[in-house]
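Okay, so here's the structure we're looking at.
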Amino acid sequence: MKSFHFSDMLVRAGSALASKLRGRPPVPFSVLYKKFKGILERHNAILELIGDMGDKLGGDYVYDRQYIFDSCEKLGDQVFKLISDLNLLCQGKNVALFAAFERIQTRIRAELAGQRVLSRTDHILPLSELTHDLADEGGNKMASLGDIRNILGFPTPQGFVITAGAYFEAMERAGLRKAVADAVRELCDSDGAHLAETAESLRQAVLDMPLPRELSRSIERATERLTERCVNPDGSSPLLAVRSSAWDEDGESSFAGMYETELGVVGTDILAAYRKVLASMFCEEALRYRLHHGLCHEEPAMAVGVMPMVDALVSGGLYTYAPLSDQDQAMVVSAAWGLGKPIVDGTAETDTYILLREPPHKLVSADVAEKTTRLALRENGGTETEPVPEAERGAPCLSPTQLSFLAKTAMTLEHFFKRPLDVEWALTPGGSLVVLQARPLSIRPAEGCERDGDAAEAAKGARVLLSGRGVTAMGGVSAGPVHLVTGDEDPADFPYGAVLVARHSSPRFAKVMPKCRGIITDVGSATGHMATIARELRVPTLVQTGSATRTLSEGQEITLDADHQVVYEGRVEALCRFELVREDVFEESWEYRTLKRVLKHVSPLTLLDPKSEGFTPESCRTYHDIARYVHQRSVDKLTALAETHKEIRRGAARRLATRLPLGLTVIDVEGGLSPAAAENAGSEPTEADILCRPFKALLDGMNAPGMWDTNPVAVDMGSFMSSVTRTLGTEASHPSRMGRNLAVFSREYLNLHLRLGYHFTVVDAFIGGAMNDNSIAFRFMGGVTDLARRSRRAGLVAVILERSDFLVETKGDLVTARIKKHPTRIMLDKMFLLGGLIGFTRQLDAKLDTDGDVELHRNIFLQRIAALRETRE
């Protein structure tokens, strides 16, 4: 990959460029417009590259190491050039954006070299802040527990994580980091020769190593705060569990039971327990597992979780998908009295329950064992085995109600993690369920279970609601109730486990993706921002269906087969079952693991709201963030240029001959007029000469029958004088308009400032390129009447636009609306509607004396525009 070292260089170069630009004539608007189009093309190329890399991660494509290196090279080159293009468009420097690029590129290089990159430098991470986004800091086990607690809201123990960064610092200070890497590499090269001796030597070296003073103090302070916060009911300090959370543990590789977990630890013994857990990374079993799974060349790291022990009345494990040939729709629960370690070690007699996976999780069988002993906490630290009271030995550990609640919780976890799980849990003496751990359960498909065979054949019996429509943004199968999402709905209210169905795609859906089982939209792009995030989170997603919001109803149970663009009524168990058991062997490969880590710096989108204070170059954490930022700023810049560029403000704009009295002057920057009109600069072009697609559609709407009322309206003098005073102030605040009704356009672009009487309209639209680039921004304000009537008209305009899928904001008589990323045909239809709306509402405020008048004229417009659209089609 290319190397860019430019922080100081850019400052000097940027200053020199700015100095030169001050002494030069302005760059022609047509040149800047071409640069804007180039930004759009490069932006789409970047999204396609990101999408392609995300597709490879889905497992349906074969790729090798060279693909990853080449893709990162191409992507880095395109992102760098995108920033450079923005520099030229804005005629200024973007040092902060280049710095963000260099920061991200450095992290990607490190990942490709096998060095994982940590985004947090602090060595103590509260569990309340931990999610899968910080899995490299907290390890897979603790990151999963953080998701369960912080995203899903289920009870887990409180606590904190001593991060992988702390492990690296401790090993580096002790001179062991390189020694470990060399020893593991030598084991690989020798095919495991002297494994036992090497394991014991490394393990003892870690047990003996001194911890950095500041790290020791940080661990001890965090432990003190935790024990003070979680004091026992009798006032004593809680005993602690110190748990392993290595990078590869409970992920694509399990390392199940190989690393240490220290139970019943007294707070003062925390550092010794921490060392024991670190040392367990180099036990003989773990090193042999690492060699066997080809993990020799990936540096190991251990994060460690510290949390209060749960004084469990009952503990156990649960498989959400029972590995039983005659119970493939069941889950299995194991339970015993006391702490759960003997259960997972396989040394305890346990009750075994088989339940159906589907609600209400009917109990299929219960095998209640004679449980003579249980593991309990000792008051002075550690654990001990004690006898179970005689009356409880043959009694079931769990009631039917507790089993049902446990099953429901486990299935919710499975739907979130999108694979079968091995869940460890505990019930407190008060009956509260606490989730202790959830790791992927490796299940292989039954013999003869083929995706296009048995499962697909069974699905044919289900009623098809949608078929052959849409584009797959992320493959997969999911099932759940439909939840229709409207434009103004708060994502925080999204119900867990539903299938999100919306009119159009939106990056704001990223907030609910961890909750939803699938996404279906009427309109959207498979290379858009939302699709990229869906691939990252592996949420089955189907876009561009055209009619999902009309076909599917709120609460309706459906099955989405995004791979084949089919939506079925109800749950199609054959499809759902196959999705759970399909093999993921490819996830063990170096290519998969490396691409997954690289994409962490490429595809997540954190810059979601252009209006927020955090929408800055400094906040860009991924290439996707940079692309989003540049795209938004380039659109903003072009709009500003169209209003303020000297060439436009002072240029010899030509008057357009229109059928309506618009008094409109135009400037064609590229291909917006017919060749004959463009060559004859001394003539007035006519509407027939307009080749600008959004402008032509807008004029067609204004000229349509019933849209432009030529009859005069009566206005009282008070309203008239009020409007004169107000609009003169507005004009004075916009000297760039120079008093003209002005349209600046190309074949795909329109920037229109239109004053009709005493109301003002601004339209900025780009339509005709890639679907991701299609956008319309609309602003409407003013009028000749008092504020109440003008506000009524604003409300009428807002409702009409909202019904046409615009995102709308109103403030008094000001209406702003946006719509983007729809196909060109639909966007041109929106421009036709806007043209009709501008004409229809031109003097309408004078007629809106009551709210009833608003409804009357709104219905009149909607009926007329519907008839006109039908005629056009």
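Just so it is clear, none of the values below were taken in a lab; they were calculated from the coordinates. Predicted model, so just to flag it, every value in this text is computed and none were measured. Ideal geometry is used to build each Cβ from the backbone, glycine not excepted, and the neighbour counts take in all protein chains shown.
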So for region 158-308, Kirkwood radius off the Cα pairs, Stokes-Einstein at 20 °C and 1.002 mPa s: how many µm² s⁻¹?
134
Positive-end residue, region 314-427 charge dipole about Cα centroid, Cβ charges, pick of His415, Leu427, Leu398:
His415
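Taking a 25 Å limit on the Cα-Cα distance, which of the listed pairs Lys371/Lys418; Lys141/Lys341; Lys93/Lys600; Lys37/Lys811; Lys341/Lys362; Lys141/Lys611 fall beyond it?
Lys371/Lys418; Lys93/Lys600; Lys37/Lys811; Lys341/Lys362; Lys141/Lys611
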Please list 3J(HN,Hα) in residue order for region 830-842, calculated via the Karplus relation 6.51 cos²θ - 1.76 cosθ + 1.60 where θ = phi - 60°; whole Hz, with x for glycine and proline.
5, 5, 4, 4, 4, x, x, 5, 4, x, 5, 9, 3
Residue-ordered couplings for region 669-682, obtained by feeding phi - 60° into the Karplus form 6.51 cos²θ - 1.76 cosθ + 1.60 and rounding to whole Hz (Gly and Pro as x), are 9, 5, x, x, 10, 4, x, 5, 5, 5, 6, 8, 5, x
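For region 384-442, what D do you get in µm² per second when you plug the Kirkwood radius from alpha-carbon pairs into Stokes-Einstein at 20 °C and 1.002 mPa s?
Values: Rh = 13.3 Å.
For these conditions, the coefficient is 161 µm²/s.
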Please report Rg (one decimal) and Dmax (integer) in Å for the Cα set of region 736-815.
14.1, 43
Along Cα→Cβ, 7 Å out, is where each label goes; now give me the distance between the ones at Thr644 and Ser619 in nm to one decimal.
2.2
Apply the Karplus curve 6.51 cos²θ - 1.76 cosθ + 1.60, θ = phi - 60°, to the phi angles in region 804-814 and return the couplings in whole Hz, x for Gly and Pro.
9, 6, 6, 8, 10, 10, 10, 8, x, 9, 9
Lys/Arg +1, Asp/Glu -1 at C-beta; region 158-308 dipole; positive extreme among Pro212, Ala170, Met281:
Pro212
Is the shape of region 20-128 best called rounded, prolate or oblate, per the rule: a/c under 1.5 gives rounded, else a/b larger than b/c gives prolate, else oblate, with a ≥ b ≥ c the square roots of the Cα gyration tensor eigenvalues?
oblate
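I need the peptides 172-180, 765-773 ranked by packing, meaning the mean over residues of other C-beta atoms within 10 angstrom, with the highest value on top. Don't skip to the answer; put the middle values down first.
On the way: 172-180: 14.4, 765-773: 21.6.
Descending mean neighbour count gives 765-773, 172-180.
Could you order the peptides 358-365, 84-91 from most to least packed, using the average number of other C-beta atoms within 10 Å per residue? Working shown, then result.
Values: 358-365: 13.6, 84-91: 18.8.
Packing order, densest peptide first, comes out as 84-91, 358-365.
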The Cα extents of region 314-427 along the principal axes, largest first and rounded to whole Å, are 42, 27, 25
Would you mind computing, in nm to one decimal, how far apart the modelled labels at Ala99 and Arg120 are, each placed 7 Å from Cα along Cα→Cβ?
2.4
Local charge sum around Gly768 (other residues, Cβ-Cβ under 14 Å, Lys/Arg +1, Asp/Glu -1)?
+3
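Do you know the relative contact order of region 158-308, to the nearest whole percent, from alpha carbon pairs under 8 angstrom that are 6+ apart?
On the way: 212 pairs, mean separation 59.8, N = 151.
Across region 158-308, relative contact order equals 40 percent.
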Whose amide H sits under 5 Å from the amide H of Ala330, counting only residues 5 or more places off or on another chain, with H placed in the peptide plane?
Ala322, Arg357
Amide hydrogen neighbours beyond the local backbone of Gln556, cut-off 5 Å, H modeled
Val482
Overall Cα dimensions of region 808-859, principal axis frame, Å, largest first:
39, 21, 16
Can you compute the charge dipole magnitude of region 302-437 about its Cα centre, using +1 on each Lys and Arg Cβ and -1 on each Asp and Glu Cβ, nothing else charged? Give it in debye, rounded to the nearest 20.
420
Nothing charged except the Cβ atoms of Lys and Arg (+1) and of Asp and Glu (-1): what's the magnitude of the dipole of region 155-214 about its Cα centre? Round to the nearest 20 debye.
280
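What is the calculated FRET efficiency for Ile860 to Ser84, with r their C-beta to C-beta distance and R₀ = 45 Å, to the nearest 0.05? Show your work: numbers first, answer last.
Working: r = 52 Å, r/R0 = 1.15.
Once rounded, the FRET efficiency stands at 0.30.
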Taking amide H atoms as placed 1.01 Å from N in the peptide plane, list the residues 5 or more away in sequence, or in a different chain, whose amide H sits under 5 Å from that of Leu421.
Thr320, Tyr321, Leu441
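In percent, what relative contact order does region 314-427 have, based on Cα pairs under 8 Å that are 6 or more apart in sequence? Mind showing how you got there, number by number?
Numbers: 229 pairs, mean separation 33.6, N = 114.
After rounding, I find 30 percent.
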